[in-house]
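**Q** Sharing a structure here in structure tokens format.
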Amino acid sequence: MSNTLKIENLQASVEGTEILKGLSLEVPKGEVHAIMGPNGSGKSTLSKVLAGHEDYEVTAGSALMDGVDLLGMEIDERSRAGFFLAFQYPHEIPGVSNANFLRAALQARLPKGEEIDAVAFYKDMYAKMDELEMDRKFTGRSVNEGFSGGEKKRNEILQMMMLEPKYAVLDETDSGLDIDALKVVAQGVNAMRSPERGMLVITHYQRLLDYIVPDVVHVMFDGKIVKSGGKDLALELEEKGYDWVKEELAAA
Ligand code: ADP
Ligand code: MG
């Protein structure tokens, strides 16, 4: 079984319009990859297709998680199998407290008949909230309801830290964060780096990558990865803008 998230020639459309146009990408366990790209290039579409969002239709290609077909699984199956997506626009779940949500998600991962240890659960959750500088009052509040943009992003990272996925995709987790919050979130993500985990960090700006230094940077444009390189590629993009990539493509 290969220890990698392997996406090959992925094509997907929404409401009849093709957005992903043959995207290929591989994130091995132990690595952090970044995807950068202009708005509208399909970054969020990729993340939602991987998570199993019902609005998106996969028309070709594959996504294998440790050799297992991710796209053939139900949404909750993907999550239980170790896939995690931190949404660009996190969902609100009125009436479900943050603590109960996390507890239910973890409970769902246990074999039938096993009960989560409540004391250990709270201890773990509080430790992780402290790391993210989140106030304890967020445990009792409905998931993301009335949270500020930055609070939602921290809460997504808390979910990731609690669920300990094999592969995590973070869709513009930096947007809406001030610099202090960005550093705290980046610290949380860096603490999750592990030989047992692959992470894909999607961002429009280079700034986040000052704090989460990626092993590989991919540039996405018009539904495809058009260029990949080391961390310096992010700096080059910041300096020259995305037009440079477009010009290079046009010339090729
Ligand atoms: P990015 O995250 O790179 O900014 P998106 O994946 O959000 O890009 O969007 C890519 C394109 O797909 C955009 O043109 C957007 O309008 C379109 N799109 C995404 N989701 C939907 C949807 N649910 N309905 C219609 N169009 C969509
Ligand atoms: Mg997006």
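**Q** Under a Cβ-Cβ cut-off of 13 Å, what is the net charge of the residues other than Thr17 that fall near it, where Lys and Arg count +1 and Asp and Glu count -1? The partial results should precede the final answer.
**A** Working: positive: Lys21; negative: Glu15, Glu18, Asp55, Glu57, Asp222.
The answer is -4.
**Q** Which length gain, in nm to one decimal place, applies between Asn39 and Glu236 when the Cα-Cα distance is subtracted from 0.36 nm times their residue separation? Please report the intermediate quantities before stating the final value.
**A** Details: separation 197, 0.36 × 197 = 70.92 nm, distance 1.79 nm.
Full-extension gain reported as 69.1 nm.
**Q** Starting from 0.36 nm per residue, how many nanometres of slack lie between Glu54 and Tyr89 once their C-alpha separation is accounted for? Let's see the in-between values first.
**A** Details: separation 35, 0.36 × 35 = 12.60 nm, distance 1.61 nm.
Between Glu54 and Tyr89, full extension yields 11.0 nm more.
**Q** Kindly state, to the nearest 0.05, the FRET efficiency for Ala108 paired with Lys183, given R0 = 25 Å and r defined as their beta-carbon distance.
**A** Efficiency computed from Cβ-Cβ geometry: 0.20.
**Q** Considering only Ala12, Val58, Gly42, whose Cα is most displaced toward the positive end of the charge dipole of the stretch 10-69, charges sitting on Cβ of Lys, Arg (+1) and Asp, Glu (-1)?
**A** Of the listed residues, the answer is Gly42.
**Q** Spin-label point model (7 Å from Cα, Cβ direction): what's the Leu249 to Ala118 distance in nm?
**A** So the label points at Leu249 and Ala118 sit 5.4 nm apart.
**Q** If you take every DSSP beta bridge whose two residues both sit in the chain, what share of them, in percent to the nearest 5, is antiparallel? Show your work: numbers first, answer last.
**A** Values: 26 of 44 bridges.
Within the chain, antiparallel bridges account for around 60 percent of the total.
**Q** Radius of gyration and Dmax for the chain's Cα atoms, expressed in Å?
**A** Using the Cα atoms of the chain, the pair Rg, Dmax is 18.1, 61 Å.
**Q** Tell me which of Pro28, Tyr89, Tyr122 sits at the most positive position along the dipole axis of the chain, charges placed on C-beta atoms (Lys, Arg +1; Asp, Glu -1).
**A** Tyr122
Rule-based calculations on the coordinates, nothing more; no lab input. Computed from a predicted model, the values in this text were never measured in an experiment. No Cβ is skipped: glycine too gets one built from the backbone with ideal geometry, and neighbour counts run over all protein chains shown.
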